[in-house]
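What follows is one structure encoded as structure tokens, with my remarks underneath.
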Amino acid sequence: MALQVKGKTALVTGGGSGICLEFTKLLLSKGCNVVVADLTLLPEAETVVTGDPGSERATAAFIKTDVTDWKQLKAAFEFAIEKFKVLDIVCPGAGVFEPAWSNFWHLDDGVDNDSTSSFKTFDININHPVRATQLAIDSFMRQKLGHGVVVIISSTAAQTAFLPTPMYVASKHAISDFTRAFADLEPKLNIRVNAVAPGRVKTPLWTQDKLTWINENFDRWVTPKQVADVMLDLITNEKNVGGTILEVGTDPVRAVQRINDPGPQGKGLTSEEVANAYTNVYNLIEEHYGKS
């Protein structure tokens, strides 16, 4: 299956910034209506959603959504169909990069504590795309479209182990294999579920503390546009069958293999000053427990 996006409708969570904002802009430019579901919109995103009344591009709409709240997530699906009468593409793209308020190394120092009994990073990075995919498949089948596409955002972190952000790494490992589980849907139901695995992309997720892991004179950034272009290709290219995961660095895109994969390849995938990240972890441990 290869779905052309012109005249279609997409629901994009996390479209208020970063990769998913770029993806939203790309879809609109190709004639695809977009519902952006996010907590808020950056100024640029507000402009994108509002649009130019004189342009011939497709239409965008915004619905404030906490993707960890299943009722709000379902409401975003209902809003998309109510506004555009159809929903063809779903991108559960909202995610976090293990911020301090939901970080393995910040014990009970944020929203992850005994009263919540949850890890917000997992709620956003795993539970949300899993639930959104479930709702998407249900929506495609109920609409009797004969097609449907889900594009999930994984990461090259799914192919690595990284002590400073173990929950983020675990979430992306989970999402990659979750994506592969749906490979059989395309030949049977014409529903495609696949994922993009970007390397290092400069978005608001890279907070100031994490930027110390980067050597700007050596490391290269993958652009949000490069990732968005690959996400579109995952929808429109017949070669990208369901269950495909495409790695995006600054070099040519490659498919990530289920077994015997060599790991991230090329530039834009590693951080030269990664030792700083490990130092920060051990400093936190020492502050909390004292020297061993």
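Just so it is clear, none of the values below were taken in a lab; they were calculated from the coordinates. Just so it is clear, the model here is predicted, and its values are computed rather than measured. In this analysis, Cβ positions are derived from the backbone assuming ideal geometry, glycine residues included, and neighbour counts consider all displayed protein chains.
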For this session: Can you run down the residue pairs with Cβ atoms below 9 Å, 6 or more apart or on separate chains, where the first is in segment 241-270 and over 11 Å from R180 (Cβ atoms) and the partner is of a type in the set (S, T, N, Q) and in a strand (DSSP E or B)?
Result: V241/N194; L246/N194
For this session: Identify all residues within segment 76-88 that are over 14 Å from M141 (Cα atoms) and buried (at least 16 other Cβ atoms within 10 Å of the Cβ); write none if there are none.
Result: A76, F79, A80, F84
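Please enumerate the residues belonging to segment 4-18 that are over 15 Å from F77 (Cα atoms), more than 18 Å from the chain's Cα centre (by Cα) and surrounded by 19 or more Cβ atoms within 10 Å (Cβ to Cβ). Even if it seems obvious, please write down each step before you answer.
Going through segment 4-18, the residues over 15 Å from F77 (Cα atoms) turn out to be 4-7, 16-18.
Okay, now just the ones that are also more than 18 Å from the chain's Cα centre (by Cα), so 4-7.
The one that is over 15 Å from F77 (Cα atoms), more than 18 Å from the chain's Cα centre (by Cα) and surrounded by 19 or more Cβ atoms within 10 Å (Cβ to Cβ): V5.
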Exercise. Of V48, V96, V86, V90, which residue is touching a residue at least 12 places away in the same chain (Cβ under 8 Å) and part of a strand (DSSP E or B)?
Worked result: V90
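Taking the conditions exactly as written (in a helix (DSSP H, G or I), among the acidic types (D, E), in contact with a helix residue (DSSP H, G or I) (Cβ under 9 Å, 6 or more places away or on another chain) and on the phi < 0 side of the Ramachandran plot), does D233 satisfy them or not?
Details: in a helix (DSSP H, G or I): yes; among the acidic types (D, E): yes; in contact with a helix residue (DSSP H, G or I) (Cβ under 9 Å, 6 or more places away or on another chain): no; on the phi < 0 side of the Ramachandran plot: yes.
When the stated conditions are applied, D233 does not pass them.
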Exercise. Based on what the data block shows, is E273 out of contact with any strand residue (DSSP E or B) (no Cβ under 6 Å at 6 or more places or on another chain), in contact (Cβ under 8 Å) with a residue 60 or more places away in the chain and over 19 Å from K172 (Cα atoms)?
Worked result: yes
Seminar exercise, completed: Within segment 120-134, residues being in contact with a helix residue (DSSP H, G or I) (Cβ under 7 Å, 6 or more places away or on another chain), surrounded by fewer than 21 Cβ atoms within 10 Å (Cβ to Cβ) and without any contact (Cβ under 8 Å) to a residue 60 or more places away in the chain number 4
